[in-house]
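To start, the structure itself, in structure tokens.
The values are calculated or read from the model by the stated rules, or taken from the named source; none is laboratory data. These numbers come from a predicted model, not from an experiment. Using ideal geometry, Cβ is built from the backbone for each residue, glycine included, and neighbour counts are taken over all protein chains shown. These area figures cover heavy atoms from the full protein model, side chains too; ligands, DNA and RNA do not enter into them. Shrake-Rupley method; radii C 1.70, N 1.55, O 1.52, S 1.80 Å.
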Amino acid sequence: EIVLRNMDTIERIVHWHEPPISVPSKISLTKHTFPSTIVSNGESTASPLLYCINKPSSVPVYPAGPYYANSLLMMVEAQEGLPPKTLIPLHRIDRATSGVLLCANVPSVARVVQGRMASSANENEGTPPVRKLYLARVKGKFPTASSENLTVPTEYESVASAVWYGNDKNVIEVNAPIAVQLESNKDKSGSNKEDKDTSNNSLMHRIVSGDGKASTSRFKLISYDPKTDQSLVSCCPVTGRGHQLRVHLELIGHPIHNDVEYGGIDNADTRKIQENISAQSISNVSAATSECLHDKAVTAAEVKAAIRLCKCCNRGLEGIKGCFNSAQLLGCGHSIDLHAYKYSVSFEQNTSMGFIADLPPWALTFEGMGPANDCLSWIN
């Protein structure tokens, strides 16, 4: 036996498999030259740029968990011929969400933009330095006029509210504090969730709670499809809490389509079919790989030992499904109909920059929607 001491490290060698992701053949992006009047670039030889990446859903931004090569930053850097770790993400965006992700290529630009985002979070009046507009496809017919009553569930009335906002009273403002739910295996009613989707990291699940952080969101109906009983809604996260729009839309009874973590419907049959397809694809890739790539410091014997212990290689499809959760196997929870459509960043020198992502296919299914649409205006 070896007694571990402070600062000791333990290493293990594993046979690495990555779960699948859903991406286009080329990830779309635009490059924006950062004004020299705002920041000098004495720290780098690179021209200061902001990258506006149209992030596909299902793809994590950073290497994390079982994702390494199948992460957005690594794929975009490879696609654009950039050295590793060139891009610096300037804000969060959930793996299941698509749309605008802003990245800088030099730290000085990142500091300036992130400083404006921090200022935006602290300002309550006037036009904020950073404006955000999201689109969401939600369940049911979204309220359209101030004559319609807005309610929140009775158990949340003491801490949450939904009211009409603005001069035209056609925007709904939701105020509800958000906290992290620590009890990972209990739903709101206290029942066990083991038979439900466990696609997301339970430590990241949010709930409305009086102990949470103050959170404000605004929503406006764009279009309603009576055939599917779904609405297209523009969304503005006034504050920037994790999963904020998802939690607030579920609170007012209009959960986001495909968002099984926050009120969306989980089709068990479809989920199981897709999980099997993904597991089979991982198995096929493994079988077609003639050589296992490994670090030079790893010996051939260690490679064989890692493969011998690999559940994905030795336990068939059930072994693969035991290594990854449903969202990682693209069963459910990996992609929701929430899209970061546009951002605007203003600076103290009366300069502003705008960024926009293409509309997602599901938004174009609604009547009146096209590549450019005047109704997609700011609501903050």
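At-a-glance table
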| item | result |
| --- | --- |
| Residue tally, condition at pLDDT 90 or above, in a loop (DSSP other than H, G, I, E, B) and touching a Ser or Thr at 6+ places or on another chain (Cβ under 7 Å), over the range 346-380 | 3 |
| Residue within the range 325-341 that is part of a strand (DSSP E or B), out of contact with any helix residue (DSSP H, G or I) (no Cβ under 9 Å at 6 or more places or on another chain) and crowded, with 20+ Cβ neighbours inside 10 Å present | yes |
| Answer residue from the range 298-323, given it is open to solvent by 20 Å² or more (accessible area, probe 1.4 Å) and assigned to a loop (DSSP other than H, G, I, E, B) and is nearest to ALA363 (Cα to Cα) among those | ARG315 |
| Given (1) outside any loop (DSSP other than H, G, I, E, B); (2) out of contact with any Cys (no Cβ under 6 Å at 6 or more places or on another chain); (3) on the phi < 0 side of the Ramachandran plot, index of the condition TYR51 fails | (2) |
| Filter pass, LYS141 being open to solvent by 50 Å² or more (accessible area, probe 1.4 Å), among the basic types (Lys, Arg), within 28 Å of the chain's Cα centre (by Cα) and within 24 Å of PRO226 (Cα to Cα) | yes |
| Qualifying residue in the range 300-319 (condition: among the small types (Gly, Ala, Ser) and within 23 Å of LEU249 (Cβ to Cβ)) | no |
| Top-ranked residue of the range 234-265 - restricted to ones that are out of contact with any strand residue (DSSP E or B) (no Cβ under 7 Å at 6 or more places or on another chain) and surrounded by fewer than 18 Cβ atoms within 10 Å (Cβ to Cβ), ranked as nearest to ASN380 (Cα to Cα) | GLY240 |
| Number of the exception - ALA110 against (1) crowded, with 20+ Cβ neighbours inside 10 Å; (2) over 15 Å from the mean Cα position of the chain (by Cα); (3) under 19 Å from GLY333 (Cβ atoms) | (3) |
| Failed criterion for GLU11 (all others in (1) out of contact with any helix residue (DSSP H, G or I) (no Cβ under 7 Å at 6 or more places or on another chain); (2) in contact (Cβ under 8 Å) with a residue 12 or more places away in the chain hold) | (2) |
| Pair list, Cβ < 8 Å and 6+ apart or interchain, from the range 20-31 residues that are of a type in the set (Asp, Glu) to residues that are surrounded by 12 or more Cβ atoms within 10 Å (Cβ to Cβ) | none |
| Subset of the range 267-295 (residues that are exposed (fewer than 10 other Cβ atoms within 10 Å of the Cβ) and charged (D, E, K, R)) | ASP269, GLU291, ASP295 |
| Residue list for the range 273-297, filter: in a helix (DSSP H, G or I) and over 18 Å from ILE21 (Cα atoms) | ALA287, ALA288 |
| ILE13, sole failed condition from (1) at pLDDT 95 or above; (2) assigned to a loop (DSSP other than H, G, I, E, B) | (1) |
| Residues satisfying the stated conditions in the range 143-183, i.e. without any contact (Cβ under 8 Å) to a residue 24 or more places away in the chain and not hydroxyl-bearing (Ser, Thr, Tyr) | GLU148, ASN149, GLU155, GLU157, VAL163, TRP164, ASN167, ASP168, LEU182, GLU183 |
| Residue ID - most open to solvent (accessible area, probe 1.4 Å), chosen from residues in the range 58-98 that are part of a helix (DSSP H, G or I) and closer than 28 Å to ARG137 by Cα | MET75 |
| Hits in the range 213-264 - residues which are touching an Asp or Glu at 6+ places or on another chain (Cβ under 8 Å), charged (D, E, K, R) and part of a loop (DSSP other than H, G, I, E, B) | ASP259 |
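Listed here are the residues, each with its yes/no results for (1) surrounded by fewer than 18 Cβ atoms within 10 Å (Cβ to Cβ); (2) modelled with pLDDT under 95; (3) not hydrophobic (A, V, I, L, M, F, W, C).
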| residue | (1), (2), (3) |
| --- | --- |
| SER158 | yes, no, yes |
| SER161 | yes, no, yes |
| ILE172 | no, no, no |
| LYS193 | yes, yes, yes |
